[in-house]
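Visitor: The structure that follows is given in the form of structure tokens.
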Amino acid sequence: MNKFSVIIFLMLLQGVAIAQKSESILLKNATIIDGDASVKPYKGFLLIKDGYIQSVTTTAPKVANAKVIDCTGKFITPGLMDAHIHLATADLTDPKKARLSTDSITGNMLRHGITTLRDMAGNAPYLANYKKDVQSGKVLGPDVFYAAQFAGPGYFAMMANGRKGEEDLGHTAWYCAIKTKSDVKPAIANAKKAGVTGIKIYANLSKELIREITNEAHKQGLLAWAHGAIFPSKPMDVAQSGVNSMSHANDLVFQQIKGDTIEIGAAWAQLYKGLKLDSNMRDKMLLEMKKHGTFLDPTVFHAENNKMFNAALITRRAHQLGVKIVAGTDWIYPEKDEAVPLLDEMNLLVSKCGMNNLEAIQAATLNAAEVTGLKDRGVIRKGKRADLLLLDADPSITLNALFKPLVVFKAGKRVFTATEAR
Ligand SMILES: [Zn+2]
């Protein structure tokens with residue numbers, strides 16, 4: 001190494017040191033919306049240091065060398081989360097092209113206040129790559145936590161050729177066919193190696209296998225995320241297996257169909273003929289979920305778009321009975337700077353499912369973090385990651401405000417600043 005390159009190297013090192021030692025930021029006088037709806041919004045001071053919330057206080061903390069931002073008249077909430085998306089189910093035959101599209105989608109999510117995602121099945125290596133690039137700062141986007149999809153072999157046979165760029169559907173760690181109990185343990189170990197956070201228990205599985213997958217996932221430190229109905233098993237079988245979450249409120253109606261098992265085609269045919277919601281059966285189902293602490297991600301927007309109006313009715317009752325509701329869309333996100341479907345989902349939780357705005361915010365922050373097993377985010381408390389939105393309108397009055405943030409902080413760094421706040 002010559003003298004010149006030594007100097008360059010020292011300069012580089014210094015640059016790294018400066019980049020790593022992040023400054024403290026004091027957000028002064030904002031109205032803080034905690035994420036837990038039972039905490040009333042309050043005026044406070046929020047100190048960010050090294051990516052985390054160092055303190056949240058109602059009086060000014062003593063702090064030297066902090067960058068102070070006066071937030072009088074402004075609001076702070078936790079970063080939002082969409083707890084049901086699919087980033088990696090599109091055509092992956094040209095991974096570079098696919099990735100360009102993903103990066104514009106996730107960039108747009110971030111500008112709209114979404115800082116974390118629960119991906120409910122897709123190509124795991126693709127998602128692992130995205131996750132790595134976000135963690136290293138190579139791309140700006142929400143953190144992603146993803147699932148491996150488990151189903152009976154019949155499901156994957158039916159899906160053959162339905163996933164472009166997936167060579168071996170049913171035989172990969174992330175799209176995995178389960179035939180017998182002995183398949184479960186190695187399949188979960190493989191999924192874990194592929195970096196998943198949970199197993200998506202999807203279709204064509206007996207109640208015995210659902211239970212086996214759930215128990216083994218928990219044993220190996222993973223979560224179990226199921227669909228509401230996993231034909232031929234009934235929704236009650238799913239709830240009784242102790243899964244962490246059940247998706248799609250509309251699915252719960254299939255409990256009404258007679259018999260120990262249900263056939264998928266016949267069940268949907270009956271629904272389309274106009275299956276009337278039985279309130280007794282509905283409550284039994286929901287109370288079973290409540291007993292197990294099972295989260296419901298109802299995907300109401302998805303359901304309404306498909307004219308499945310039972311979803312909102314079931315979600316409304318679930319919320320009344322104390323089942324924990326999670327905001328997730330299972331919907332397409334735009335690449336360009338357009339509104340995001342999470343707003344539609346949250347608006348429906350309020351307009352049709354009996355929640356107030358703070359409860360809808362909890363569904364997209366605290367509950368979404370909990371269902372993903374994330375203890376480091378979702379509420380504005382000391383020690384949590386500083387994933388925060390600074391807003392200039394009150395989201396307890398209009399949820400719209402959440403999706404037009406002035407500033408988005410992710411792990412304490414400003415990752416987006418609106419033109420008017422620059
Ligand atoms: Zn889904």
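Visitor: Divide by every residue of the chain the summed helix terms, -39500 (n - 2.57) for each DSSP H run of at least 4, and state the resulting mean residue ellipticity at 222 nm, rounded to the nearest 500 deg cm²/dmol.
Guide: Helices in the chain give a 222 nm mean residue ellipticity of -11000 deg cm²/dmol.
Visitor: How large is the dipole of the stretch 211-316 about the Cα centre if only Lys and Arg carry +1 and Asp and Glu carry -1, each at its Cβ, rounded to the nearest 20 debye?
Guide: My answer is approximately 280 debye.
Visitor: Quick one: compute the contact order of the chain, relative version, from alpha carbon pairs under 8 angstrom and 6+ residues apart, as a percent.
Guide: Reported as a whole number, the value is 19 percent.
Visitor: Is the shape of the chain best called rounded, prolate or oblate, per the rule: a/c under 1.5 gives rounded, else a/b larger than b/c gives prolate, else oblate, with a ≥ b ≥ c the square roots of the Cα gyration tensor eigenvalues?
Guide: Taking the square roots of the gyration eigenvalues as a ≥ b ≥ c, the chain is oblate.
Visitor: Another question, if that's okay. In what sequence, highest mean first, do 151-158, 258-265 appear when ranked by Cβ atoms within 10 angstrom?
Guide: 151-158, 258-265
Visitor: Only sites in a loop by DSSP and with at most 12 other Cβ atoms within 10 Å count here; which GluC sites (Glu not before Pro) in the stretch 322-414 make the cut?
Guide: Counting only loop positions with at most 12 other Cβ atoms within 10 Å, the GluC sites (Glu not before Pro) in the stretch 322-414 are E338.
Visitor: Straight distance only, please: which lysines reach the Cα of K62 with their own Cα at less than 21 Å, same-chain residues fewer than 8 apart left out?
Guide: K21, K28, K43, K49, K382, K384
Visitor: Determine the sum of side-chain charges near V68: Lys and Arg each +1, Asp and Glu each -1, restricted to other residues whose C-beta is under 14 angstrom from that of V68.
Guide: Result for the local shell: +3.
Visitor: Going by a ≥ b ≥ c, the root eigenvalues of the Cα gyration tensor, does the stretch 118-213 fall in the rounded group (a/c under 1.5), the prolate group (a/b larger than b/c) or the oblate group?
Guide: Prolate shape, in that a/c is at least 1.5 and a/b is the bigger ratio.
Visitor: Using modelled amide H (1.01 Å from N, peptide plane; none on Pro or chain starts), what sits under 5 Å from the amide H of L223, excluding residues fewer than 5 places away?
Guide: G198, I199
Visitor: Still on this model: For the stretch 257-344, what class follows from the C-alpha gyration tensor (a ≥ b ≥ c being the square roots of its eigenvalues): rounded when a/c is under 1.5, otherwise prolate if a/b is larger than b/c, else oblate?
Guide: Oblate, because a/c is 1.5 or more while a/b does not exceed b/c.
Visitor: Of the options H112, W268, A224, report the single residue whose Cα projects farthest towards the positive end of the charge dipole of the stretch 80-371 (beta-carbon charges: Lys, Arg +1; Asp, Glu -1).
Guide: Farthest along the dipole direction, towards plus: A224.
Visitor: Let me ask you something else. Can you pick out the pairs among K207/K324; K219/K375; K138/K404 whose Cα atoms lie more than 21 Å from each other?
Guide: Too far apart for the 21 Å limit: K207/K324; K138/K404.
Visitor: Name the residues whose placed amide hydrogens come within less than 5 Å of the amide hydrogen of K74, ignoring near sequence neighbours (fewer than 5 apart) on the same chain.
Guide: Excluding prolines and chain starts, which carry no amide H, the hits are T31.
Visitor: Same structure again: Where does the charge balance sit around T180 when Lys and Arg score +1, Asp and Glu -1, over other residues with C-beta under 12 Å from its C-beta?
Guide: Around T180, the surrounding residues sum to 0.
Visitor: What list of ³J(HN,Hα) values in whole Hz, one per residue of the stretch 247-254 in order, does the Karplus curve 6.51 cos²θ - 1.76 cosθ + 1.60 (θ = phi - 60°) give from phi, with Gly and Pro shown as x?
Guide: Whole-Hz 3J(HN,Hα) from phi for the stretch 247-254: 9, 6, 4, 4, 4, 5, 5, 5.
Visitor: List every residue whose amide H lies under 5 Å from the amide H of S55, counting only residues 5 or more places away in sequence or on a different chain, with H placed 1.01 Å from N in the peptide plane.
Guide: Residues meeting the amide H criterion: L47.
Values quoted throughout were computed directly from the atomic coordinates according to the rules given, and no laboratory measurement underlies them. From a predicted model like this one, the values you see are computed outputs, not experimental measurements. Reconstructed Cβ throughout: ideal geometry from the backbone, glycine too, with neighbour counts over all protein chains shown.
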